[in-house]
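S.K.: To start, I am sharing the structure in question, which I have written as structure tokens.
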Amino acid sequence: MRLANRKSLFTGMHRSGTSVVSNLACYACKKVLLDDPVWAVQSPTAAFENSNDISEFLRYDAWKVPRLAPFADRVLSFYEDSAVVWILRDPLDVYSSILERYRIFPKTSMLQFPELGISEGRREEVFSEAFKRYADALIELLSRFPDRVFVVVYEDFFRQKTEFIREVCEEFLGWNISRCITDVQNIQYGPIRHKASNVKGPGRKYCDLDMETHKKLCDIEKLYEDIVDIAGSKIKTKSPS
């Protein structure tokens with residue numbers, strides 16, 4: 001039996017592509033998205049601990065909250081009709097995107113929370129620790145809730161946006177696509193940078209990061225590849241019978 005109209009948490013590490021995936025999915029299906037509420041940064045667990053924030057959560061069809069990724073198991077336990085769409089992206093591209101945000105907004109509030117992967121000192125070390133925490137959370141989530149988690153590998157999504165939106169919405173969440181999405185492939189979120197590679201495409205790490213940084217982060221690059229292998233059967237997951 002195909003599940004119908006599940007609420008969904010779109011999550012993953014910050015700067016992984018959660019905005020584009022969640023916005024395109026909700027646009028295609030005319031769903032109402034709660035996009036990074038203010039309380040989520042400082043008190044992410046309020047989504048299942050604070051009555052006011054719980055009420056706000058329930059008013060929406062979908063929630064885009066990267067900060068909730070380490071607590072996604074608690075979201076699934078608390079909201080029984082929910083599912084998780086986890087966006088997984090090459091960590092060096094994520095790091096490159098985080099550094100860009102820091103350069104543009106040097107006083108970003110993310111600096112208050114090193115668990116998000118950004119710090120003014122020990123940058124590569126702090127980011128590695130953060131990525132490993134998110135990786136552990138995803139692996140645990142897949143083992144506990146295999147039928148309620150859809151892993152979107154950003155590198156694959158970027159090349160086939162329309163296909164992935166159909167799989168996420170129709171086959172996994174049970175949402176009906178009610179808008180034409182043939183033009184989705186060319187939609188871009190965020191500013192376009194004048195670089196050889198597309199700002200939102202795979203491989204920006206080759207333009208933005210030097211070889212020394214690549215070497216410092218090689219362990220989490222391998223971890224990313226291992227997680228893609230672990231989640232491989234989940235990437236094309238269909239709704240359970």
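The values are calculated or read from the model by the stated rules, or taken from the named source; none is laboratory data. Predicted model, so just to flag it, every value in this text is computed and none were measured. Reconstructed Cβ throughout: ideal geometry from the backbone, glycine too, with neighbour counts over all protein chains shown.
S.K.: Can you tell me which of R148, R179 is of a type in the set (K, R) and under 16 Å from S82 (Cβ atoms)?
M.R.: Values: R179 fails: under 16 Å from S82 (Cβ atoms).
Being of a type in the set (K, R) and under 16 Å from S82 (Cβ atoms) holds for just one of R148, R179, which is R148.
S.K.: For the range 43-78, which residues satisfy the criterion of being closer than 20 Å to I139 by Cα, among the aromatic types (F, W, Y) and at pLDDT below 90?
M.R.: F78
S.K.: Oh, and also: Would you pick out the residues in the range 160-181 that are outside any helix (DSSP H, G or I) and basic (K, R)? Let's see the steps before the verdict.
M.R.: Of the range 160-181, the ones outside any helix (DSSP H, G or I) are 160, 174-181.
Result: R179, single match.
S.K.: To continue, here is another question. Considering A83, A40, A28, which residue is at pLDDT below 85, within 28 Å of E155 (Cβ to Cβ) and small (G, A, S)? Spell out the reasoning first.
M.R.: On the way: A83 fails: at pLDDT below 85; A28 fails: at pLDDT below 85.
One residue alone meets the criteria, A40.
S.K.: Go through (1) part of a loop (DSSP other than H, G, I, E, B); (2) without any contact (Cβ under 8 Å) to a residue 60 or more places away in the chain one by one and return the number of the condition M13 breaks.
M.R.: It fails just one condition, (2).
S.K.: Which of the residues that make up the range 133-167 are among the polar types (S, T, N, Q) and within 16 Å of the chain's Cα centre (by Cα)?
M.R.: Step one: of the range 133-167, the residues among the polar types (S, T, N, Q) are 143, 160, 162.
Hits for the range 133-167: nothing passes.
S.K.: Now for a separate question. Tell me which residues, restricted to the range 31-57, are over 20 Å from the mean Cα position of the chain (by Cα) and exposed (fewer than 14 other Cβ atoms within 10 Å of the Cβ). Before you say what the answer is, go through the steps one by one.
M.R.: Initially, the range 31-57 is screened for residues over 20 Å from the mean Cα position of the chain (by Cα), giving 49-56.
Hits for the range 31-57 are E49, S51, N52, S55.
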